[in-house]
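In what follows, a structure is listed as C-alpha coordinates, so that the remarks can point back to it.
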Amino acid sequence: MSWPKVPKLEVIAERLPQIFPDGTENRNYVTREMAARTLYVMFYAGAIDGQERWIRPSQVTDMSDEQAVLLSDEERNAWVEQALSSKKERPANTWYAPNSREPVRDETIRYGFIALGAVLERAGLPVTTPLPKYAMTQKFAALFDESLVGQQLEDAILAWQKAHLNPAALSRIRLLGANAAAANSDTITATLPNAGVVTLESGPSGVIGKCVIEDFAPKFLKNPAVLWLSQSGEKVGIDLASRLKLKIDPSKTLPDVILVDLGTKTDGSDMLFVFIEIVASDGPVNSVRKKKLTEIAVEAGFSPEHLAFVTAFQDRSAPAFKKAMSELAWGTYAWFCSEPSNIIELKDGESHILSEFSLI
(Lines give C-alpha, C1' and ligand atoms only; values in the text may rest on other atoms or scores of the structure.)
Protein backbone atom coordinates (compact mmCIF):
# COMPACT_ATOMS: atom_id res chain seq x y z
CA MET A 1 0.00 0.00 0.00
CA SER A 2 1.42 3.38 -1.00
CA TRP A 3 2.24 6.02 1.55
CA PRO A 4 0.33 9.34 1.41
CA LYS A 5 2.22 12.54 0.72
CA VAL A 6 3.15 14.45 3.88
CA PRO A 7 2.24 18.17 3.72
CA LYS A 8 4.60 20.69 5.26
CA LEU A 9 4.06 21.24 8.97
CA GLU A 10 3.64 24.97 8.39
CA VAL A 11 0.86 24.29 5.86
CA ILE A 12 -1.02 22.19 8.43
CA ALA A 13 -0.54 24.87 11.09
CA GLU A 14 -1.73 27.60 8.71
CA ARG A 15 -4.88 25.78 7.61
CA LEU A 16 -6.15 24.57 10.97
CA PRO A 17 -7.43 28.04 12.05
CA GLN A 18 -9.19 28.34 8.67
CA ILE A 19 -10.88 24.96 9.08
CA PHE A 20 -11.75 25.62 12.72
CA PRO A 21 -12.50 29.39 13.00
CA ASP A 22 -13.54 31.36 16.08
CA GLY A 23 -16.62 29.78 17.64
CA THR A 24 -15.48 26.18 17.16
CA GLU A 25 -15.89 24.07 20.30
CA ASN A 26 -12.51 23.53 22.03
CA ARG A 27 -10.86 25.50 19.24
CA ASN A 28 -7.56 25.84 21.05
CA TYR A 29 -7.18 22.04 21.14
CA VAL A 30 -7.36 21.78 17.34
CA THR A 31 -5.43 24.87 16.25
CA ARG A 32 -2.39 24.91 18.53
CA GLU A 33 1.08 23.59 17.67
CA MET A 34 0.37 20.20 19.26
CA ALA A 35 -2.63 19.75 16.96
CA ALA A 36 -0.59 20.50 13.83
CA ARG A 37 2.15 18.13 14.93
CA THR A 38 -0.37 15.39 15.71
CA LEU A 39 -1.74 15.59 12.17
CA TYR A 40 1.78 15.68 10.75
CA VAL A 41 2.55 12.38 12.49
CA MET A 42 -0.69 10.89 11.15
CA PHE A 43 0.33 11.83 7.62
CA TYR A 44 3.88 10.61 8.26
CA ALA A 45 2.62 7.25 9.53
CA GLY A 46 -0.01 6.97 6.79
CA ALA A 47 -2.79 7.02 9.38
CA ILE A 48 -5.69 7.96 7.07
CA ASP A 49 -8.99 6.07 6.98
CA GLY A 50 -8.84 3.27 4.40
CA GLN A 51 -5.06 2.84 4.69
CA GLU A 52 -5.38 0.43 7.64
CA ARG A 53 -2.66 2.35 9.43
CA TRP A 54 -3.15 3.97 12.82
CA ILE A 55 -1.11 5.93 15.37
CA ARG A 56 -0.96 6.11 19.12
CA PRO A 57 -0.19 9.32 21.08
CA SER A 58 3.34 8.22 21.99
CA GLN A 59 4.30 8.49 18.32
CA VAL A 60 3.56 12.24 18.45
CA THR A 61 5.65 12.71 21.57
CA ASP A 62 8.45 10.54 20.13
CA MET A 63 8.76 12.42 16.82
CA SER A 64 11.75 14.73 16.33
CA ASP A 65 12.72 17.42 13.82
CA GLU A 66 15.47 15.18 12.46
CA GLN A 67 13.06 12.29 11.82
CA ALA A 68 10.29 14.49 10.42
CA VAL A 69 12.35 15.43 7.36
CA LEU A 70 13.12 11.81 6.40
CA LEU A 71 10.24 11.34 3.96
CA SER A 72 10.99 8.27 1.85
CA ASP A 73 8.59 5.33 2.16
CA GLU A 74 11.38 3.18 3.58
CA GLU A 75 12.36 5.77 6.22
CA ARG A 76 8.77 6.30 7.27
CA ASN A 77 8.02 2.59 7.47
CA ALA A 78 11.17 1.95 9.53
CA TRP A 79 10.23 4.74 11.94
CA VAL A 80 6.70 3.42 12.43
CA GLU A 81 8.01 -0.06 13.20
CA GLN A 82 10.59 1.31 15.61
CA ALA A 83 8.15 3.74 17.30
CA LEU A 84 5.65 0.93 17.95
CA SER A 85 8.27 -1.54 19.15
CA SER A 86 8.47 -2.49 22.82
CA LYS A 87 12.27 -2.20 22.50
CA LYS A 88 12.29 1.29 21.02
CA GLU A 89 14.91 3.82 22.03
CA ARG A 90 13.60 7.33 22.49
CA PRO A 91 15.74 10.08 20.92
CA ALA A 92 16.95 12.79 23.25
CA ASN A 93 15.49 15.63 21.16
CA THR A 94 11.86 14.54 20.73
CA TRP A 95 9.02 17.01 20.17
CA TYR A 96 7.50 16.38 23.61
CA ALA A 97 8.22 14.72 26.93
CA PRO A 98 6.70 11.23 27.48
CA ASN A 99 4.12 12.62 29.94
CA SER A 100 2.65 14.76 27.14
CA ARG A 101 0.82 11.71 25.79
CA GLU A 102 -2.28 12.57 27.84
CA PRO A 103 -2.94 16.04 26.33
CA VAL A 104 -2.28 14.60 22.86
CA ARG A 105 -4.76 11.78 23.46
CA ASP A 106 -7.44 13.54 25.52
CA GLU A 107 -7.44 17.20 24.48
CA THR A 108 -6.14 17.18 20.92
CA ILE A 109 -7.51 13.87 19.64
CA ARG A 110 -10.58 12.91 21.72
CA TYR A 111 -12.12 16.25 22.72
CA GLY A 112 -10.78 18.01 19.65
CA PHE A 113 -10.45 16.14 16.36
CA ILE A 114 -12.71 13.15 17.10
CA ALA A 115 -15.49 15.35 18.50
CA LEU A 116 -15.37 17.47 15.34
CA GLY A 117 -15.42 14.53 12.93
CA ALA A 118 -11.83 14.93 11.72
CA VAL A 119 -10.30 11.81 13.26
CA LEU A 120 -11.57 8.26 13.71
CA GLU A 121 -10.92 5.81 16.55
CA ARG A 122 -10.32 2.20 15.55
CA ALA A 123 -13.30 0.09 16.59
CA GLY A 124 -13.18 -3.12 18.61
CA LEU A 125 -10.17 -2.33 20.80
CA PRO A 126 -10.16 -2.07 24.62
CA VAL A 127 -9.91 1.44 26.06
CA THR A 128 -6.52 0.68 27.61
CA THR A 129 -5.03 -1.00 24.55
CA PRO A 130 -1.41 -0.13 23.69
CA LEU A 131 -2.18 -0.70 20.01
CA PRO A 132 -2.36 2.31 17.67
CA LYS A 133 -5.97 3.31 17.01
CA TYR A 134 -6.29 6.85 15.64
CA ALA A 135 -6.46 7.98 11.99
CA MET A 136 -7.69 10.98 10.00
CA THR A 137 -10.78 10.74 7.83
CA GLN A 138 -10.05 10.91 4.11
CA LYS A 139 -12.05 14.09 3.52
CA PHE A 140 -10.35 15.91 6.38
CA ALA A 141 -6.89 14.82 5.21
CA ALA A 142 -7.73 16.12 1.72
CA LEU A 143 -7.98 19.68 3.10
CA PHE A 144 -4.19 19.72 3.49
CA ASP A 145 -3.47 18.97 -0.16
CA GLU A 146 -0.91 21.65 -1.01
CA SER A 147 -2.24 21.96 -4.56
CA LEU A 148 -5.50 23.31 -3.10
CA VAL A 149 -5.19 27.10 -2.93
CA GLY A 150 -7.34 30.22 -3.12
CA GLN A 151 -11.03 29.77 -3.84
CA GLN A 152 -10.66 26.01 -4.31
CA LEU A 153 -9.32 25.67 -0.79
CA GLU A 154 -12.03 27.93 0.64
CA ASP A 155 -14.74 25.92 -1.13
CA ALA A 156 -13.27 22.62 0.11
CA ILE A 157 -13.10 23.86 3.69
CA LEU A 158 -16.67 25.21 3.55
CA ALA A 159 -17.97 21.92 2.15
CA TRP A 160 -16.22 19.97 4.91
CA GLN A 161 -17.56 22.31 7.61
CA LYS A 162 -21.13 21.95 6.32
CA ALA A 163 -20.83 18.16 6.29
CA HIS A 164 -19.14 17.68 9.67
CA LEU A 165 -19.91 20.60 11.98
CA ASN A 166 -23.38 20.60 13.56
CA PRO A 167 -25.85 23.40 12.69
CA ALA A 168 -25.42 25.14 16.05
CA ALA A 169 -21.63 25.22 15.63
CA LEU A 170 -21.92 26.53 12.07
CA SER A 171 -24.35 29.24 13.16
CA ARG A 172 -22.03 30.30 15.96
CA ILE A 173 -19.07 30.47 13.56
CA ARG A 174 -21.03 32.50 11.00
CA LEU A 175 -22.30 34.96 13.59
CA LEU A 176 -18.82 35.49 14.98
CA GLY A 177 -17.51 36.07 11.47
CA ALA A 178 -20.25 38.57 10.70
CA ASN A 179 -19.72 40.34 14.01
CA ALA A 180 -15.96 40.53 13.44
CA ALA A 181 -16.59 42.20 10.08
CA ALA A 182 -19.07 44.62 11.65
CA ALA A 183 -16.59 45.54 14.39
CA ASN A 184 -14.18 46.77 11.72
CA SER A 185 -16.74 48.95 9.95
CA ASP A 186 -16.82 52.71 10.42
CA THR A 187 -20.43 52.81 11.61
CA ILE A 188 -22.71 50.36 13.36
CA THR A 189 -26.44 50.98 13.38
CA ALA A 190 -29.13 49.19 15.36
CA THR A 191 -32.88 49.18 14.85
CA LEU A 192 -34.64 49.92 18.13
CA PRO A 193 -37.55 47.60 19.02
CA ASN A 194 -39.58 50.67 19.98
CA ALA A 195 -38.99 52.26 16.52
CA GLY A 196 -36.10 54.27 15.23
CA VAL A 197 -32.46 53.63 14.40
CA VAL A 198 -29.47 54.45 16.59
CA THR A 199 -25.80 54.72 15.60
CA LEU A 200 -23.46 52.83 17.87
CA GLU A 201 -19.74 53.30 18.42
CA SER A 202 -17.54 51.19 16.17
CA GLY A 203 -15.66 48.22 17.58
CA PRO A 204 -16.56 45.13 19.63
CA SER A 205 -18.70 47.00 22.19
CA GLY A 206 -20.84 48.47 19.43
CA VAL A 207 -21.32 45.03 17.88
CA ILE A 208 -22.43 43.54 21.19
CA GLY A 209 -24.76 46.50 21.76
CA LYS A 210 -26.35 45.95 18.35
CA CYS A 211 -26.85 42.25 19.16
CA VAL A 212 -28.45 43.13 22.51
CA ILE A 213 -30.91 45.53 20.88
CA GLU A 214 -31.76 43.50 17.77
CA ASP A 215 -31.40 39.89 19.01
CA PHE A 216 -31.60 39.67 22.80
CA ALA A 217 -34.52 42.08 23.27
CA PRO A 218 -37.02 40.40 20.90
CA LYS A 219 -35.98 36.86 21.89
CA PHE A 220 -36.25 37.25 25.67
CA LEU A 221 -38.79 40.05 26.17
CA LYS A 222 -42.49 40.06 25.26
CA ASN A 223 -42.85 43.74 24.41
CA PRO A 224 -39.34 45.24 24.43
CA ALA A 225 -38.19 48.83 24.29
CA VAL A 226 -34.85 50.57 24.86
CA LEU A 227 -35.13 52.73 27.94
CA TRP A 228 -31.51 53.82 28.11
CA LEU A 229 -28.36 53.54 26.01
CA SER A 230 -25.01 54.89 27.08
CA GLN A 231 -21.90 55.04 24.87
CA SER A 232 -18.97 57.42 24.87
CA GLY A 233 -20.92 59.94 26.91
CA GLU A 234 -24.00 59.89 24.67
CA LYS A 235 -27.31 59.04 26.36
CA VAL A 236 -30.14 57.72 24.22
CA GLY A 237 -33.71 56.82 25.08
CA ILE A 238 -34.38 58.93 28.19
CA ASP A 239 -37.56 60.28 26.60
CA LEU A 240 -39.24 56.90 27.13
CA ALA A 241 -38.10 56.91 30.75
CA SER A 242 -39.73 60.28 31.33
CA ARG A 243 -42.98 59.07 29.78
CA LEU A 244 -42.93 56.18 32.22
CA LYS A 245 -42.37 58.76 35.00
CA LEU A 246 -39.02 57.25 35.96
CA LYS A 247 -36.22 59.53 37.10
CA ILE A 248 -32.93 58.38 35.62
CA ASP A 249 -30.01 60.47 36.81
CA PRO A 250 -27.34 60.63 34.05
CA SER A 251 -24.70 61.49 36.66
CA LYS A 252 -25.04 58.01 38.16
CA THR A 253 -22.85 55.11 37.02
CA LEU A 254 -25.53 53.53 34.86
CA PRO A 255 -25.31 50.31 32.84
CA ASP A 256 -24.62 50.33 29.12
CA VAL A 257 -28.22 49.47 28.23
CA ILE A 258 -31.52 49.45 30.06
CA LEU A 259 -34.29 47.54 28.33
CA VAL A 260 -37.88 47.49 29.47
CA ASP A 261 -40.36 44.74 28.79
CA LEU A 262 -43.64 46.62 28.75
CA GLY A 263 -45.44 43.30 29.14
CA THR A 264 -49.03 42.62 28.16
CA LYS A 265 -50.98 43.61 31.27
CA THR A 266 -52.56 47.05 31.40
CA ASP A 267 -51.73 47.49 35.09
CA GLY A 268 -48.02 47.03 34.38
CA SER A 269 -47.72 44.11 36.81
CA ASP A 270 -45.65 42.10 34.32
CA MET A 271 -43.31 44.96 33.41
CA LEU A 272 -39.60 44.08 33.67
CA PHE A 273 -36.55 46.36 33.62
CA VAL A 274 -33.37 44.70 32.33
CA PHE A 275 -30.01 46.22 33.20
CA ILE A 276 -27.34 45.11 30.72
CA GLU A 277 -23.58 45.49 30.87
CA ILE A 278 -21.76 45.05 27.56
CA VAL A 279 -18.41 43.36 28.09
CA ALA A 280 -15.85 43.37 25.30
CA SER A 281 -12.97 43.44 27.78
CA ASP A 282 -14.11 44.19 31.34
CA GLY A 283 -17.00 45.36 33.55
CA PRO A 284 -19.46 42.46 34.19
CA VAL A 285 -22.40 42.56 36.59
CA ASN A 286 -20.59 41.39 39.72
CA SER A 287 -22.12 41.41 43.22
CA VAL A 288 -21.00 44.98 43.95
CA ARG A 289 -22.30 46.23 40.59
CA LYS A 290 -25.61 44.40 41.03
CA LYS A 291 -26.14 45.99 44.45
CA LYS A 292 -25.31 49.47 43.14
CA LEU A 293 -27.58 49.10 40.10
CA THR A 294 -30.41 47.91 42.34
CA GLU A 295 -30.02 51.01 44.52
CA ILE A 296 -30.03 53.28 41.47
CA ALA A 297 -33.10 51.48 40.10
CA VAL A 298 -35.05 51.85 43.33
CA GLU A 299 -34.17 55.55 43.51
CA ALA A 300 -35.44 55.96 39.94
CA GLY A 301 -38.77 54.34 40.81
CA PHE A 302 -38.14 50.74 39.75
CA SER A 303 -39.44 47.91 41.90
CA PRO A 304 -36.80 45.33 42.97
CA GLU A 305 -39.14 42.47 41.98
CA HIS A 306 -39.22 43.78 38.43
CA LEU A 307 -35.46 43.92 37.80
CA ALA A 308 -33.16 41.62 35.85
CA PHE A 309 -29.41 41.90 35.29
CA VAL A 310 -27.55 40.63 32.23
CA THR A 311 -23.91 40.64 31.18
CA ALA A 312 -23.58 40.43 27.39
CA PHE A 313 -20.50 38.93 25.74
CA GLN A 314 -19.37 38.18 22.19
CA ASP A 315 -18.89 34.43 22.70
CA ARG A 316 -18.27 31.76 25.34
CA SER A 317 -14.73 31.35 24.06
CA ALA A 318 -13.96 35.08 24.30
CA PRO A 319 -11.21 36.02 26.79
CA ALA A 320 -13.57 38.60 28.31
CA PHE A 321 -16.04 35.87 29.35
CA LYS A 322 -13.34 33.57 30.71
CA LYS A 323 -11.98 36.46 32.74
CA ALA A 324 -15.39 37.53 34.05
CA MET A 325 -16.97 34.13 34.76
CA SER A 326 -15.76 33.94 38.36
CA GLU A 327 -17.02 37.49 39.04
CA LEU A 328 -20.57 37.22 37.71
CA ALA A 329 -23.12 37.81 40.46
CA TRP A 330 -25.61 35.13 41.47
CA GLY A 331 -29.10 36.03 40.42
CA THR A 332 -27.91 37.45 37.09
CA TYR A 333 -27.68 36.18 33.52
CA ALA A 334 -24.93 35.81 30.91
CA TRP A 335 -25.77 36.05 27.21
CA PHE A 336 -23.68 35.66 24.05
CA CYS A 337 -24.07 37.29 20.63
CA SER A 338 -22.84 34.13 18.88
CA GLU A 339 -25.55 31.95 20.47
CA PRO A 340 -28.48 34.38 20.67
CA SER A 341 -31.19 31.83 21.50
CA ASN A 342 -29.41 30.60 24.66
CA ILE A 343 -28.84 32.22 28.04
CA ILE A 344 -27.02 31.25 31.24
CA GLU A 345 -28.84 31.76 34.53
CA LEU A 346 -26.71 32.04 37.66
CA LYS A 347 -29.46 30.89 39.97
CA ASP A 348 -29.29 32.00 43.58
CA GLY A 349 -31.43 31.27 46.62
CA GLU A 350 -32.27 27.89 48.12
CA SER A 351 -30.79 24.60 46.98
CA HIS A 352 -32.85 22.54 44.56
CA ILE A 353 -32.90 18.91 43.54
CA LEU A 354 -31.90 18.79 39.85
CA SER A 355 -35.00 16.80 38.94
CA GLU A 356 -37.11 19.71 40.21
CA PHE A 357 -35.76 22.02 37.54
CA SER A 358 -37.71 22.27 34.31
CA LEU A 359 -35.50 20.69 31.66
CA ILE A 360 -36.52 21.55 28.12
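Relative contact order, percent, of the chain when contacts are C-alpha pairs under 8 Å separated by at least 6 residues?
12 percent
Any chance you could give the angle, 0 to 90 degrees and rounded to 10, that helix 33-44 forms with the longest Cα principal axis of the chain?
It works out to around 30 degrees.
Working from Cα positions, state the angle (0 to 90°, nearest 10) between the long axis of helix 150-164 and the longest principal axis of the chain.
80 degrees
In terms of solvent-accessible area of protein heavy atoms at a 1.4 angstrom probe, what is the ranking of F309, F220, highest value first?
Accessible-area ranking of F309, F220, largest first: F220, F309.
Using a 1.4 Å probe on the protein chains only, how many percent of the accessible area of the chain belongs to carbon and sulfur?
52 percent
Treat the range 280-340 as a sphere of radius equal to its Kirkwood radius over Cα pairs and apply Stokes-Einstein at 10 °C in a medium of 1.306 mPa s; give the translational diffusion coefficient in µm²/s, rounded to a whole number.
Value of D from the Cα-based Kirkwood radius: 129 µm²/s.
In the structure shown, do any of K162/K219; K291/K347; K252/K291; K247/K292 have a Cα-Cα gap over 19 Å, and if so which?
K162/K219
Take K219 and S147, extend 7 Å from each Cα along the Cα→Cβ direction, and tell me the distance between the two endpoints in nm.
Modelled inter-label distance: 4.4 nm.
How far is helix 73-83 tilted off the main Cα axis of the chain, in degrees rounded to 10, range 0 to 90?
So the inclination is approximately 80 degrees.
Which of the aspartates and glutamates could a cross-linker bridge to K323, judged by Cα under 20 Å and excluding same-chain residues fewer than eight apart?
Output for K323: D22, E25, D256, E277, D282, D315, E339, E345.
From the alpha carbon gyration tensor of the chain, can you work out the equivalent ellipsoid semi-axes (sqrt of 5 times each eigenvalue) and give them in Å, largest to smallest?
Value: 52, 21, 17 Å, ordered largest first.
Suppose R0 equals 56 Å. What FRET efficiency, 1/(1 + (r/R0)^6) with r the Cβ-Cβ distance, do E154 and T264 give to the nearest 0.05?
0.75
The values are calculated or read from the model by the stated rules, or taken from the named source; none is laboratory data. Bear in mind the structure is a predicted one, so any value in this text is a computation, not a measurement. So basically every Cβ, Gly included, is an ideal-geometry build from the backbone, and we count neighbours across all protein chains shown. With ligands, DNA and RNA removed, areas are computed over all heavy atoms of the protein, side chains included. Shrake-Rupley method; radii C 1.70, N 1.55, O 1.52, S 1.80 Å.
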